[in-house]
1. Label point 7 Å out from residue 280 along Cα-to-Cβ: which residues of the stretch 246-261 have amide N under 14 Å?
2. Express the relative contact order of the stretch 134-267 as a whole percentage, based on alpha carbon pairs under 8 Å and six or more residues apart in sequence.
3. Can you work out the accessible area per residue across the chain, with the rest of the protein chains kept in place, probe 1.4 Å, in square angstrom?
4. Mind putting a number on the dipole of the chain about its Cα centre? Charges go on the C-beta only, +1 for Lys and Arg and -1 for Asp and Glu, and I need it in Debye to the nearest 20.
5. Starting from the Cα of residue 392, draw a straight line to each of the aspartates and glutamates and keep only those under 19 Å, dropping any in the same chain fewer than 8 residues away.
6. Calculate for the chain the 222 nm mean residue ellipticity that helices alone would give, adding -39,500 (n - 2.57) per DSSP H run of length 4 or more and normalising by residue count, nearest 500 deg cm²/dmol.
7. On average, how much area does the Cα convex hull of the stretch 122-238 cover when viewed from any direction, in nm²?
8. Averaged across orientations, what area in nm² does the convex hull of the alpha carbons in the stretch 39-180 project?
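The values are calculated or read from the model by the stated rules, or taken from the named source; none is laboratory data. Keep in mind that what you see is a predicted model, and the values were worked out from it rather than measured. Cβ placement follows ideal geometry from the backbone for every residue including glycine, while neighbour counts extend to all protein chains displayed. Accessible surface areas use protein heavy atoms only, side chains included; no ligands, DNA or RNA. Shrake-Rupley method; radii C 1.70, N 1.55, O 1.52, S 1.80 Å.
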Amino acid sequence: MHISAKDLAALIPADFTLGVATAAFQIEGALTEDGRGPAGWDVFAAKPGSIVEDQSPAVACDHYHRMPQDVALMKQLGVDSYRFSLSWSRIQPTGSGPVNPAGLAFYDRLLDELLANGISPMLTLYHWDTPLALDDAGGWMNRDTAYRLGEFAAIAAEAYGDRVARWCTINEPATVTTNGYTLGLHSPGEALMLNAFPTVHHQLLGHGLALQALRAAGVPGEIGMTNVYSPMVPKTINPLDKISASLMDLAQNRVYADPVLTGKYPDLVRAAKFFSSFEHPDEDMAIISQPLDFYGLNYYMPTKVAVGPGEGAVPASMAEAMGSDLSAAGSGGTPFHVETWPEADITSYGWPVKPEYMKVALKEMSERYPNLPPVIITEGGASFEDIIVRDKSTNTAFIPDERRLKYLSDHIQAALEATGPGGEAESIDLRGYYVWSLLDNFEWSAGYKQPFGLLHVNFETLERTPKASYFWFQELIEERNLVTVAETAVAQAMEP
Ligand code: GBH
């Protein structure tokens, strides 16, 4: 069971945002319409074997043509805010140079529609769909891409600055580097392993330059960036497992968060060969670590880590640097191995459902970064295959997605408890939670096989059907509104 919507609503502080999130490439479709230039993802997805069953992103949710209907569904849901991303190549077809007015106009219409319906816009500048022309020039391996993102931010600031309440410069650079450049599972499909480090730095620099451009334009909205955070949990108390978990923590969490929040890469990263052989100006760190109005955190799950197979999986130098003189350490082998959680509920992606680790994530963040700005959970959600139940007499469809609903309820509860009075991450000023996602959508290399939506999408008819989780979120928002109304009435009654 999960907490009732009424009891959960009672935990929500004033001015806390309840929202939903999407990303352009995952929902829009219309990849060749109105002058949109190609993105690297268009080409990657078209290569046989890149996407499950070679599914195509060409139509996705057809949001480009159904935007007003989708906003109406958000209005009905009652959300405070909608987090969406810009398709960079719709606005700037080659990622540099002239702007495409028809592309700019789409987000003009979206922003106006949101505001007309009382929904506060949160705009992500970059959610992975790099313009193809930039990928052809090396993508994030090329320092120039960071400057291009800065320029794109200036274009967006001028066009939309008056209407955007929250800006998110980039989403999850960790996933772009790991999947796009280290393992080759995402666009641009490079498997560079440790040689992918420049893509970390250039994305962070791109964030910093975009932030600078938004500040220079004087946009009134709040500005932040989003990193994904997964607590790394050693499989056993074996010191080698612990070291492997620490290495994974460095590679997936700290290398992205430390520079932004402390202005410095972790010492172990600075000591590595791949770091010293990568030349970059010291001044970059000041650009990367400019103050943020909020820090965006995507939390999905913890990761259980064991030492990799093979002799000497943890290099001796690493073991020593982590404070261990293990004789087992040598060279060769893979340093880490991701393990399963046999006792946990598992999503259709294979991800463990562990709401208690939401608390761990927030606690670790608060301890690691004492000067953390206000935090917003910019994504959280779960993929489960849905069953559509049809009531024959009324011909209405019902989608009983109890597990997704419970995932969301438990995670929002955990985040509120951890940051509430007496919580383990009480020092964090938590400002909101955005459900991933409004709609079932194109889940990158998993195609349409991993539905995360509060709304079911039939990818043949493109019909949207609210799931039980949609009605639950609606109820939570209604209950929260009742609390707010009551509090306002009490405050007014107490005024002299
Ligand atoms: C997010 O990615 C994306 O922002 C969004 O576009 C996507 O649709 C959504 O989530 C659902 O996938 O620490 O090595 O074990 C989240 C992708 C995948 C990132 C798992 C962290 C674990 C890597 N996450 N990954 S590891």
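1. Correct set: 254-261.
2. On the way: 187 pairs, mean separation 37.9, N = 134.
Contact order relative to length: 28 percent.
3. On the way: 19840 Å² over 496 residues.
On a per-residue basis, the chain sits at 40 Å².
4. Values: 34 positive and 62 negative charges, 40 e Å.
Rounded to the nearest 20 debye, it is 200 debye.
5. In chain and number order, the partners are 463.
6. -11500 deg cm²/dmol
7. Values: hull surface 33.7 nm².
Orientation-averaged projected area of the Cα hull: 8.4 nm².
8. Numbers: hull surface 36.3 nm².
Mean orientational projected area (the stretch 39-180, Cα hull): 9.1 nm².
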